[in-house]
Amino acid sequence: MSFVQNFPFFSIIIAMFSGIVSAVISGKKARNLSIFAIGVTTCMSAAVLAYTWKTGESYTYMMGHFPAPWGNEIRAGVLEGLTALMFGVVMLLSVMGGLDHTEKDVEGSKLNLFYIMIDLMLSSLLALVYTNDLFTAYVFVEINTIAGCGLIMIRQWGRSLSAAIRYMVMSSLGSGLFLIGLSLLYDVTGQLLMIPAKEAVAQLAATDAYVIPMLVILAVISVGLAIKSGLYPFHYWIPDTYAYATPAASAVLSGLVSKGYIFLLIKILYRVMSPEHLMESYTLDVLYWFGIAGMMMGSIHAIQEKDTGRMIAYSSVAQIGYIYMGIGLGTQAGTTAAIFHIFSHGATKALLFISAVGLYEASGGERDYLSLRGAGYRNPLAAIGFTVGAMSMVGFPMLSGFISKLLFATSAFENTGKLLPTLIALAISTTLNAVYFLRLVISLYRPEKRKVDEVHRDSWNLRLAVVCFILLNLVLGLFSQPIVRAIGQGLIMFS
Amino acid sequence: MSRVRDNYENSRARKLKRWYDGDVDLLQEITEIKAPPAEQEQVPEAWRIQQSEAQASQNLMWPQGMSEETVWEGRQKPTEEQIYRNLEASGLWSFEKLYRVMAVILCAAIIAVLLWTVTALPMFGEAGNPANNEVPQRYIESGVQETGAVNFVTGMILDYRAFDTFGESCVLFIASCCVLVLLRVDIAVKGRNGENLGEDDTVFEPRNDVVLQTAAKILVPMILVFGIYIVLNGHLSPGGGFSGGAVLGSGLILYLNAFGFKKTHRFFTEKVYRRMTLCALTFYCLAKSYSFFTGANHLESGIPLGTPGAILSSGLILPLNICVGLVVACTMYAFFTLFRKGGM
């Protein structure tokens with residue numbers, strides 16, 4: 001057994017351990033420890049990716065002395081490694097970009113608590129990516145939920161507190177439904193590990209046993225995770241949560257947290273459920289149509305918003321809709337597109353939240369788009385970052401958003417029943433995206449009557465984070481072929 | 001243009017949209033109770049008088065000697081009728097009613113679906129159920145040899161599936177961190193005594209209730225010993241870290257209630273709490289990392305399992321139970337202290 005195979009386990013434990021240690025050290029040290037931990041786990045994820053890519057197959061890793069149906073287990077393959085790598089990179093850049101604001105928004109003596117949340121959030125995301133055990137997934141979903149709440153409410157301000165309560169209620173509802181689904185599944189299969197559970201489910205499908213419970217299980221698990229990731233009719237908690245948290249938290253929540261749940265859903269749909277049950281229950285079709293509804297409604301809400309933070313948040317609703325549409329296509333190409341969009345949206349949305357901070361600061365803390373007029377001259381780098389992010393969301397060639405839209409469109413051709421709705425939805429949603437994003441970009445570069453007295457300079461870490469995010473977007477956009485190939489290969493070894 | 005807009009702003013559709021978006025709260029300004037500003041200087045004096053009159057228990061309901069009538073001072077307390085009249089005047093009451101009816105119907109539908117599912121599930125307790133497969137069989141048949149724990153449940157949660165349990169302890173840890181975020185008052189910033197009474201309850205302690213103190217004198221030692229017993233015997237009899245820790249925590253809370261912060265702080269301060277949690281979780285993390293690492297790499301862990309049934313047996317389970325017990329006890333105590341004003 002190669003030493004690299006230990007890395008998924010090491011990265012989860014390092015993230016958890018740094019969270020535990022952060023409880024007793026000062027905020028500054030906790031910050032350094034957190035950045036160090038994120039950096040190390042990111043390097044480890046890269047090593048896992050390289051290793052699995054070279055060997056060409058995934059491997060399971062026993063957590064303890066007992067093999068699969070008895071003990072816990074994690075599993076790593078190309079897709080897991082790549083997702084963990086992307087999550088790590090986005091998390092690192094988000095934390096770095098939001099550093100100054102974190103220190104401003106969070107009380108000094110509570111700063112270490114913020115980094116505990118970040119560390120445990122990272123560990124739970126990694127565990128959701130790597131786990132091969134349904135109950136481990138639930139435990140880390142819980143950690144993720146509570147850490148998410150903490151990240152929102154640590155900015156002790158009325159609106160972020162109410163947003164945290166809303167998030168808590170909706171997210172607990174989602175966790176509860178997910179748990180009901182898991183216990184029903186355990187009742188009819190007697191397994192919690194994913195691979196034995198898949199065998200048991202396949203047997204149920206073959207013998208036509210427990211048809212009603214399987215239907216309810218699929219519905220409850222999908223709805224639970226859809227609530228937690230903010231699919232359209234359950235998007236109600238998104239705008240306040242993303243708009244009123246501190247910027248680093250907004251970037252992490254919108255870029256990563258909802259994506260962790262989507263990744264888990266993909267994992268359960270393809271690694272546990274049988275194709276027969278998916279076909280009979282129409283789960284994928286339901287997800288597809290709600291995804292399309294989300295694409296439209298999210299953009300329409302975003303157009304109505306004047307507040308930039310809420311606008312970006314509503315845009316997330318639309319982008320989550322894209323991802324669910326890709327999953328709902330039900331083909332491998334569709335899922336590949338969805339996963340590519342997870343990466344692309346993670347990189348882009350975090351860039352938008354981080355660079356928007358620079359724009360607010362250059363405009364005296366105002367957040368509505370009329371006050372941001374001319375901010376492009378007051379803070380050029382942040383405006384470039386915002387423009388790149390907006391262009392990427394709209395689907396400008398060379399940027400990551402273009403590639404994901406292209407992938408969605410091409411994958412639709414494999415599913416003739418959904419071809420036309422997909423293409424129409426993509427066209428309309430792209431136009432709507434352009435309406436609200438370009439409106440803001442144009443207003444950023446409108447010459448202003450006020451004289452530009454001084455060019456606002458952000459701190460070095462924010463500028464570095466913005467530059468890195470722009471590069472990440474360009475990399476995803478220009479060198480998408482190897483990444484798409486890796487996702488494809490990862491999906492083959494995934495189930 | 002503006003006239004059209006005005007029409008729209010006042011239209012039913014616009015109101016419905018705002019209600020749907022959560023911008024209007026129909027009960028706002030009607031039902032909230034605003035506490036009157038506390039009279040800072042007079043409070044310690046007033047409190048001492050009240051305490052000497054032994055009326056303390058009644059005054060906890062309302063801030064600083066206020067009663068229900070004085071809270072509504074200067075404002076007419078709305079009757080239920082008025083509230084509903086206001087709601088009707090806002091033109092949204094029908095939506096609200098519809099919303100409530102729909103909510104009830106939806107809940108009833110979900111309950112019906114879940115009950116229907118239960119009827120289709122395997123019968124409870126039958127031998128041929130899918131859940132009675134090779135997994136529990138191995139836990140029951142070879143659990144004692146493999147984990148050294150006579151109590152299968154403990155063997156299962158702390159050895160077979162120890163990673164999940166580590167996750168659960170971290171859930172408790174992060175939950176108490178969240179409560180700290182919300183409720184901890186910075187004593188260094190706000191001052192401990194007198195200056196900020198609205199922020200700190202501890203100056204009112206101890207209340208020296210004779211009945212409570214006498215009962216606590218008898219009960220606390222028993223509760224604590226019983227909690228320690230449950231934790232230490234987790235691998236032998238029903239119990240373990242989670243339940244024993246809860247008992248320990250409740251013992252601490254009882255002691256705190258009876259004797260106040262000053263006495264509790266002699267042995268249990270926030271520093272102790274943080275160090276204890278840190279040590280317990282660190283030990284858990286390192287010990288289990290070692291065991292996961294050796295397990296996955298097919299190495300011998302070299303931890304002796306001992307004779308099943310003896311108190312010092314079952315390898316890592318006993319120390320892990322102690323760790324979990326400490327974390328749970330600390331978390332319970334922390335929740336209790338933080339929900340009063342003034343921190344731990």
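One decimal place: the segment residue A:439-residue A:54 gains 134.0 nm when fully extended, by the rule 0.36 nm per residue minus the C-alpha distance. Amide H contacts under 5 Å for residue A:368: A:308, restricted to partners 5 or more places along the chain or on a different chain, H placed in the peptide plane at 1.01 Å from N.
Using a simple spin-label model with pseudo-atoms 7 Å out from Cα toward Cβ, residue A:173 and residue B:96 lie 1.9 nm apart.
Using the Kirkwood radius over Cα pairs, work out the Stokes-Einstein diffusion coefficient for the protein assembly as shown at 20 °C and 1.002 mPa s, in µm²/s as a whole number. Show your work: numbers first, answer last.
Details: Rh = 29.0 Å.
In µm²/s, the coefficient rounds to 74.
Considering Cα pairs under 8 angstrom that are at least six residues apart, work out the relative contact order of chain A and quote it in whole percent. Here the relative contact order equals 15 percent. Between A:399, A:359, A:317, the Cα set farthest toward the positive side of the dipole of the stretch A:282-495 (charges on each charged residue's Cβ, about the Cα centre) is that of A:359.
Normalised by 2.2 N^0.38 Å, where N is the number of residues, the C-alpha radius of gyration of the stretch B:151-339 stands at 1.18. Within the shell of other residues whose beta carbon sits under 15 angstrom from the beta carbon of residue A:225, the net charge comes to +3, with Lys and Arg scored +1 and Asp and Glu -1.
Residues of the stretch A:239-276 falling in the label zone of residue A:199, defined by backbone nitrogen less than 18 Å from a point 7 Å along Cα to beta-carbon, are A:271-275. Here is the result for the stretch A:201-280: no trypsin sites (Lys or Arg not before Pro) lie in DSSP coil with at most 10 other C-beta atoms within 10 angstrom of their C-beta.
So if R0 is 35 Å, what FRET efficiency would residue A:209 and residue B:105 give, r being the distance between their Cβ atoms, rounded to the nearest 0.05?
Numbers: r = 32 Å, r/R0 = 0.91.
It comes to 0.65.
Within the stretch A:48-128, the GluC sites (Glu not before Pro) that combine a DSSP coil assignment with at most 15 other C-beta atoms in a 10 angstrom radius are A:57.
Is there a simple number for the mean count of other chain Cβ atoms within 10 Å of the Cβ of residues in A:131-142, and what is it?
Numbers: counts 3, 0, 3, 0, 4, 5, 2, 2, 9, 5, 1, 6.
Taking all residues of A:131-142 together, the mean is 3.
For the stretch A:86-92, 3J(HN,Hα) computed residue by residue from phi via the Karplus equation (6.51, -1.76, 1.60; θ = phi - 60°) reads 5, 4, x, 5, 5, 5, 4 Hz, glycine and proline entered as x.
Each residue in A:476, A:464 was given a count of other beta-carbon atoms within 10 angstrom of its own, and listing them fewest first yields A:464, A:476.
Here r is the Cβ-Cβ distance between residue A:28 and residue A:307 and R0 is 45 Å; the resulting FRET efficiency, rounded to 0.05, is 0.90. Expressed in units of 2.2 N^0.38 Å, where N is the residue count, the Cα radius of gyration of the stretch A:282-495 is 1.06. Rounded to the nearest Hz, the phi-derived 3J(HN,Hα) couplings of the stretch A:303-308 under the Karplus curve 6.51 cos²θ - 1.76 cosθ + 1.60 (θ = phi - 60°) are 5, 6, 7, 9, 6, 4, where x marks glycine and proline. The separation of the stretch B:95-152 from the stretch A:152-223, counted between C-alpha centres, amounts to 12 Å.
Footprinting exposure proxy ranking of B:178, B:170, fewest other C-beta atoms within 10 angstrom first, gives B:178, B:170. Using a cut-off of 19 Å between Cα atoms, the listed pairs A:306/B:17; B:217/B:263; A:306/B:97; A:104/A:306; A:228/B:288 include A:306/B:97; A:104/A:306; A:228/B:288 as exceeding that distance.
In terms of surrounding Cβ atoms within a 10 Å radius of their Cβ, A:198, A:405, A:29, B:271 rank from fewest to most as B:271, A:29, A:198, A:405. Along the charge dipole of the protein assembly as shown, which of B:106, A:137, A:10 sits closest to the positive end, that is, farthest toward it, with unit charges on the beta carbon of Lys, Arg, Asp and Glu (+1, +1, -1, -1)? Of the listed residues, the answer is A:10.
Over the C-alpha trace of chain A, radius of gyration and Dmax come out as 21.5, 76 angstrom.
Residue by residue, the stretch A:266-281 carries 3J(HN,Hα) couplings of 4, 4, 5, 4, 9, 9, 10, 6, 9, x, 4, 5, 4, 5, 5, 8 Hz when phi is fed to the Karplus relation 6.51 cos²θ - 1.76 cosθ + 1.60 (θ = phi - 60°); x denotes Gly or Pro. Residue A:71 sits among other residues whose Cβ lies under 14 Å from its own Cβ, and their net charge, with Lys and Arg +1 and Asp and Glu -1, is -2. With R₀ set to 51 Å, the beta-carbon distance separating residue A:183 from residue A:446 gives a calculated FRET efficiency near 0.35. Per residue of peptide B:133-139, the mean number of Cβ atoms on other chains within 10 Å of the residue Cβ is 4.
Using +1 on the beta carbon of Lys and Arg, -1 on that of Asp and Glu, and nothing else charged, what's the dipole of chain A about the Cα centre, debye to 20?
Dipole of chain A, to the nearest 20 debye: 1280 debye.
Counts of other chain beta carbons within 10 angstrom of each beta carbon in peptide B:284-296 average 5.
Distances between placed amide hydrogens fall under 5 Å for residue A:63 paired with A:72, A:73, A:74, all partners being 5 or more residues away or on another chain.
Coordinate-derived values only; no laboratory data. This is a predicted model, so every value here is computed, not measured. Cβ: placed from backbone, ideal geometry, glycine included. Neighbour counts: every protein chain shown.
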